[in-house]
Structure formats: structure tokens, C-alpha cells
Amino acid sequence: MRIYLAGVGGMLGEALHKVLGEKHELLCTDIDVNAPWLSYSDFRDFADYEKNFSRFEPEILMHIGAHTDLEYCERNPDDAYRTNTLSVNHAITLANAHGIPLVYISTAGIFDGTKALYDDWDQPNPLGVYARAKYMGEVEVLARANKHYIFRAGWMMGGGPAKDKKFISKLMKQLAAGATTLNIVDDKLGTPTYTIDFARTLGAMVETPYYGLYNMVCGGETGRLEVAEELIRLLKLESKVKINSVQSEYFSSEYFAPRPPCERLYNYKLKLRGMDLMRDWRVALKDYIATYYADHVKPFAPDYQP
Ligand SMILES: NC(=O)c1ccc[n+]([C@@H]2O[C@H](COP(=O)([O-])OP(=O)(O)OC[C@H]3O[C@@H](n4cnc5c(N)ncnc54)[C@H](OP(=O)(O)O)[C@@H]3O)[C@@H](O)[C@H]2O)c1
């Protein structure tokens, strides 16, 4: 298939390029041209988006990128909605005009956290600007895109030291700097989502006619504290690094954007279709560290064995 991936220079993009590139012909664009396989395009600029689209004539359009920094979105709502919602309309218009399917990536963060576990049919209630902008992207795709797949990811882990901007990379940076205590919140529940598993499942799904909206997270139910504990265990740092559990309030000046207390997803529709290829989060975390961080951790985790 000829696949146009727009905004694919980030964490998830790295895995999509790797996995889908094994089988398909790709056009990969982003505003951050950080790899030789990327070319520049800003999907907020419809004419630019259309020019790339017409040049490549894709059989499927994957609108991947977004502003993913929640605090940036809270401070810059106009840019957040322009980038994370209005540009999705550009993608819908292009996909419809050419009669091809559209892929949109959404987030577990669109729920308000009042439930313990969310399936694909639960009603979102976004709390902050990032979550609302992403949810409005979903709403637009559902309303207007003739053929679409929406895949909701949880806490993304992927890309390794070069691309990972999220939880695992933040912990790795502290460990690399010699931290002997990690302060971790014990009041945030969610589901890690390994980008490689996500890319494989997405790749399998887009070869089916099963259009629609799908939760797509790793298996199991967990939270920030347990993920950090598992990382320390995997790195064999239990005797050197202490985990200090704190409440979200502890980080309120740094992470001031509203976040739900629980954003655990359940891949109910993928399971019903027999298409849930997402592994358990502990298995995926082990694979992630072994694949992307094995050399990187040597200086501060000498006992680690991939
Ligand atoms: N990270 C998570 O935990 C998570 C969870 C659930 C869902 N998601 C969704 O998954 C998708 C991929 O996220 P990710 O984790 O890979 O994020 P990421 O690492 O921040 O990558 C997003 C990429 O999109 C680019 N981008 C931003 N504005 C653009 C524009 N106007 N035109 C073209 N490219 C643009 C970014 O460039 P700059 O870096 O220069 O801004 C970045 O390279 C997003 O839709 C995100 O909302 C992410």
C-alpha cells in the first residue's frame, strides 16, 4: 500500500516508520525533520498538506502528529486546537476527496477518570485543552470521514533516548543523572502503550475492512507507581534507587494541566474481533528497554541483563 504518514517525526512515528516500512511504500512528513526518511510539511497549512498528498497519491492517509505537551496546550489553546483539531479536518477533506481511508490517533486522556476502566463505547469527558482538542478530532473524524480508523493510545512508551519524551525517558534521565530517589505519583492510573505493538496492531487493522474507533493499549491494569517500580526491578536497581510515592499535588507547578486520575483502557472491540495484538505492559516494557535502552543504561545500571 502507498501510505502517507503526516506528523510522523515523533515517538510513535519512529515505530510506524519501522513497522509499516517493512511492507508498504511510505511518504513521511513532519515539521521536525529529524531523520533522512522525513520531509517537511506542516499539516496546519492545507495547501501544503494537499500538495504532498497529490504528489504521492496515497491509498491511505495516516494523520499522526499533534502537540503532545499538555502544559503547552493549556498555555496555548489556539495553537492546540489549530494543530490537534482543525488540521484533522484537513486530513478528512483530503481523504474524502480521494475516497481513501483516514487513520487518526486519539488518546486515553479524553476520559474524566471517574470510572476504573474504559471500553471503546464509554463516553469521553475531556478535562483539559489537550484532551479536548484530541477528542474534538475524534468527533470530527466520526462525523465526517467516510472511511476511518481511530486508534486510542494510552501512556506511550517508545522511540528510546532519541525520541521518547514521556514517562520512561523522564525516569531514565533522572537515573542517568545519578538519582537515588524517584518521586512517583501514586494517584494516576493508566495503561502503557508500546509504540511497536501499537504500530503492528495498527498495521494489521488497516488491512481489514473493520473501520471504526478502537482502544489500543497494552494489556493489564496499572499506574505510574507500579510502572516505575517495574522499571527499577528490570534494571536491577532495587538496592540503589528508592521510590518515594507522592500525590499529583507534589508536581502541580510543573504539571499543571488537568489529568484524569484514571485513564485505563480496555481493548474490548479489538478483543471481540480477535485482533488484539497488544502484549501485556510488563512484557512490552521489558522488550522496550532491551530494544532501545540496553546500551544507554550500562553506566548507571551495570547489572542489567536484556
Ligand atoms: N505520547 C503519548 O503518550 C500519547 C498518548 C496517546 C495518544 N498520543 C497521540 O499519538 C500521536 C503521536 O504522538 P507521539 O507520542 O508520537 O508525539 P510526539 O513524539 O510529540 O510526535 C508528534 C510529532 O508531530 C509533529 N507535529 C506537531 N505539529 C505538527 C504540524 N503542524 N505538522 C506536522 N507535524 C507536526 C511534532 O513536531 P514537533 O515536535 O516539532 O512539535 C512531532 O514530531 C499524537 O496524535 C498524540 O496525540 C500520544
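Some values worked out for this structure:
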item	result
Among the candidates Thr208, Thr181, Thr193, residue that is within 16 Å of the ligand (Cβ to nearest atom), polar (S, T, N, Q) and touching a residue at least 60 places away in the same chain (Cβ under 8 Å)	Thr193
All positions within region 194-215 that are in contact with a Pro (Cβ under 8 Å, 6 or more places away or on another chain) and open to solvent by 20 Å² or more (accessible area, probe 1.4 Å)	Tyr211
Selection status of Lys18, part of a helix (DSSP H, G or I), free of Cβ contacts under 8 Å to residues at least 60 places away in the same chain and not aromatic (Phe, Trp, Tyr)	no
Lone unmet requirement of (1) among the small types (Gly, Ala, Ser); (2) free of Cβ contacts under 8 Å to residues at least 40 places away in the same chain; (3) open to solvent by less than 10 Å² (accessible area, probe 1.4 Å) for Ala80	(2)
Every pair of residues 6+ apart whose Cβ atoms lie under 6 Å, when the first sits in region 45-64 and is of a type in the set (Phe, Trp, Tyr) while the second is open to solvent by less than 70 Å² (accessible area, probe 1.4 Å)	Phe46/His90; Tyr49/Phe43; Tyr49/His90; Phe53/Leu94; Phe56/Tyr4; Phe56/Leu27
Conditions (1) open to solvent by 40 Å² or more (accessible area, probe 1.4 Å); (2) in contact with a Ser or Thr (Cβ under 8 Å, 6 or more places away or on another chain); (3) more than 11 Å from the ligand (Cβ to nearest atom): number failed by Ser54	(2)
Qualifying residue in region 239-255 (condition: part of a loop (DSSP other than H, G, I, E, B), among the basic types (Lys, Arg) and open to solvent by less than 80 Å² (accessible area, probe 1.4 Å))	no
Test: residue in region 267-278 that is buried (at least 18 other Cβ atoms within 10 Å of the Cβ) and hydroxyl-bearing (Ser, Thr, Tyr)	no
In region 65-102, residue nearest to the ligand (Cβ to nearest atom) [restricted to those that are part of a loop (DSSP other than H, G, I, E, B) and more than 13 Å from Phe43 (Cβ to Cβ)]	Thr68
Residue ID - farthest from the chain's Cα centre (by Cα), chosen from residues in region 8-20 that are open to solvent by 10 Å² or more (accessible area, probe 1.4 Å) and within 12 Å of the ligand (Cβ to nearest atom)	His17
Residue that is nearest to the chain's Cα centre (by Cα), among those in region 29-45 that are within 6 Å of the ligand (Cβ to nearest atom) and within 12 Å of Leu5 (Cβ to Cβ)	Asp30
Some residue of region 30-46 being assigned to a helix (DSSP H, G or I) and touching a helix residue (DSSP H, G or I) at 6+ places or on another chain (Cβ under 9 Å)	yes
Subset of region 106-120 that is open to solvent by 10 Å² or more (accessible area, probe 1.4 Å) and β-branched (Val, Ile, Thr) - its residue that is nearest to the ligand (Cβ to nearest atom)	Thr107
Hey, Glu71 modelled with pLDDT of 95 or more, surrounded by fewer than 23 Cβ atoms within 10 Å (Cβ to Cβ) and over 17 Å from Thr195 (Cβ atoms) or not	yes
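This table checks each residue for (1) assigned to a helix (DSSP H, G or I); (2) open to solvent by less than 40 Å² (accessible area, probe 1.4 Å).
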position	(1), (2)
Tyr104	no, yes
Asp122	no, yes
Ala133	yes, yes
Glu140	yes, no
Asn146	no, no
Ala162	yes, no
Lys165	no, no
Lys170	yes, no
Lys173	yes, no
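The values are calculated or read from the model by the stated rules, or taken from the named source; none is laboratory data. If you're wondering where the values come from, they're calculated on a predicted model, not measured in any experiment. We place every Cβ from the backbone using ideal geometry, glycine too, and count neighbours over all the protein chains shown. Remember, those area values only see protein heavy atoms, side chains included, never the ligands or the DNA or RNA. Shrake-Rupley method; radii C 1.70, N 1.55, O 1.52, S 1.80 Å.
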